[in-house]
Amino acid sequence: MAMTSGIMWYGRQLYPPTWHGEELSPAETFGTLKGLGLETVDIFSRHVDDYGVDTLREALDESGLRCACYYITGDLVSDDPEKRKAVDEAFPRGIEVAQELGAPICFTAGSQHAHSGEENFQRYLDRLGEKLQLFKDTDLTLVIENAGSLLHTGEDMVRAAEALGDEGLRLCPDTGNFTLWGVDEVEAVKMCLPWAAHFHLKDYAERWEEDGKVGGTEAILNQGITPIGEIMDMLHEADWDGVLAWEPGPQDEEGITESVRELLRLIG
């Protein structure tokens, strides 16, 4: 069993994609990432909206990168009719796109940042349960991450996994998001690990909290305050098998290259 390197198609340089001042096509972007030594990329629904499925599929084939995870955006908690309609349409379409791109995992986001509180948490679980039924006859796995005011602790993630794990739900722990919310990252990852199917590996240079709001600045991987090395030691010891997707932030080309190099070193 082995860990696999990956990257989110995200960040200042990568979306819209530019490299040393030159605008890149998806094929050129993926080729650049493959040239850095990466094996997989996480693709968002907005990328499909901008480029189309066929263009992205061709870019994957040409570069040799694999799509590890496809992101379905939508608010599962809101009772607004338009948002409910949008999310109900997003999931079947997301499953179709993920299959076309060859992604084994779908990630859902768009609920955690807009809501908080126990009532909304329960509504989130109820609607996640409904959407999980769409995955029953597929080979796809649906994952959620720790994010926002609704779901940001290891305990929150475990509650969701215990409630919906039998329905197929799995977790995507985000190391940096634990840092952002002042959570013990190592303990939280340890709690999530039995259900973890995908990882967001993110490091923060600093964090702050003011008037109940949290913020921070992302660091080059393993140079910030998130205990990336300790977390990686734990994953190696557990012989965890899956994709570690580094999440770029404000890094320039040099920062991206350095972070990817460190990711590959950590994976070994």
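The values are calculated or read from the model by the stated rules, or taken from the named source; none is laboratory data. Predicted, not measured: the structure shown is a model, and the values here were computed from it. Reconstructed Cβ throughout: ideal geometry from the backbone, glycine too, with neighbour counts over all protein chains shown. We work out accessible area using only protein heavy atoms, side chains counted, and drop any ligands, DNA or RNA first. Shrake-Rupley method; radii C 1.70, N 1.55, O 1.52, S 1.80 Å.
For region 184-268, which strands (runs of 3 or more DSSP E) that fit wholly inside it have 2 or more residues that are within 22 Å of residue 161 (Cα to Cα)? Spell out the reasoning first.
Values: elements: 198-201, 204-210, 213-218, 242-246.
In region 184-268, the matching strands (runs of 3 or more DSSP E) lie at 198-201, 242-246.
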Output yes when any residue across region 217-224 is of a type in the set (Gly, Ala, Ser) and either in contact with a helix residue (DSSP H, G or I) (Cβ under 7 Å, 6 or more places away or on another chain) or over 24 Å from residue 5 (Cα atoms) (or both), and no when none is. no
Please count how many residues of region 94-114 are open to solvent by 10 Å² or more (accessible area, probe 1.4 Å) and touching a residue at least 40 places away in the same chain (Cβ under 8 Å). 5
For residue 214, state whether it is more than 23 Å from residue 80 (Cα to Cα), open to solvent by less than 60 Å² (accessible area, probe 1.4 Å) and modelled with pLDDT under 95. yes
Subset of region 91-112 [under 18 Å from residue 9 (Cα atoms) and modelled with pLDDT under 95]: 109, 110
Residue identified as surrounded by fewer than 21 Cβ atoms within 10 Å (Cβ to Cβ) and within 15 Å of the chain's Cα centre (by Cα) among 141, 153: 141
Exactly one condition in (1) modelled with pLDDT of 95 or more; (2) over 16 Å from residue 197 (Cβ atoms); (3) open to solvent by 40 Å² or more (accessible area, probe 1.4 Å); (4) assigned to a loop (DSSP other than H, G, I, E, B) is false for residue 88; which is it? (4)
Hits in region 115-138 (condition: over 20 Å from residue 100 (Cα atoms) and either in a loop (DSSP other than H, G, I, E, B) or open to solvent by less than 10 Å² (accessible area, probe 1.4 Å) (or both)): 115, 116, 117, 121, 124, 128
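Kindly check whether there is at least one residue in region 68-76 that is closer than 26 Å to residue 91 by Cβ, surrounded by 16 or more Cβ atoms within 10 Å (Cβ to Cβ) and in contact with a His (Cβ under 6 Å, 6 or more places away or on another chain). If you could, list the steps in order and put the result at the bottom.
Step one: filter region 68-76 for residues closer than 26 Å to residue 91 by Cβ, giving 68-76.
Next, from what is left, pick out any that are surrounded by 16 or more Cβ atoms within 10 Å (Cβ to Cβ): 68-76.
Among the residues that remain, those that are also in contact with a His (Cβ under 6 Å, 6 or more places away or on another chain) are: 69.
Looking for residues that are closer than 26 Å to residue 91 by Cβ, surrounded by 16 or more Cβ atoms within 10 Å (Cβ to Cβ) and in contact with a His (Cβ under 6 Å, 6 or more places away or on another chain), one finds at least one in region 68-76, hence yes.
Restricting attention to region 225-243, which residues are over 19 Å from residue 4 (Cα atoms) and open to solvent by 80 Å² or more (accessible area, probe 1.4 Å)? Before you say what the answer is, go through the steps one by one.
Step one: of region 225-243, the residues over 19 Å from residue 4 (Cα atoms) are 225-227.
Answer for region 225-243, where residues must be over 19 Å from residue 4 (Cα atoms) and open to solvent by 80 Å² or more (accessible area, probe 1.4 Å): just 225.
Taking residue 27 as the residue in question, decide whether it is farther than 17 Å from residue 105 by Cα, of a type in the set (A, V, I, L, M), crowded, with 20+ Cβ neighbours inside 10 Å and free of Cβ contacts under 8 Å to residues at least 40 places away in the same chain. Don't jump to the end; show me each part of the working.
Working: farther than 17 Å from residue 105 by Cα: yes; of a type in the set (A, V, I, L, M): yes; crowded, with 20+ Cβ neighbours inside 10 Å: no; free of Cβ contacts under 8 Å to residues at least 40 places away in the same chain: yes.
For residue 27, the condition - farther than 17 Å from residue 105 by Cα, of a type in the set (A, V, I, L, M), crowded, with 20+ Cβ neighbours inside 10 Å and free of Cβ contacts under 8 Å to residues at least 40 places away in the same chain - is not met.
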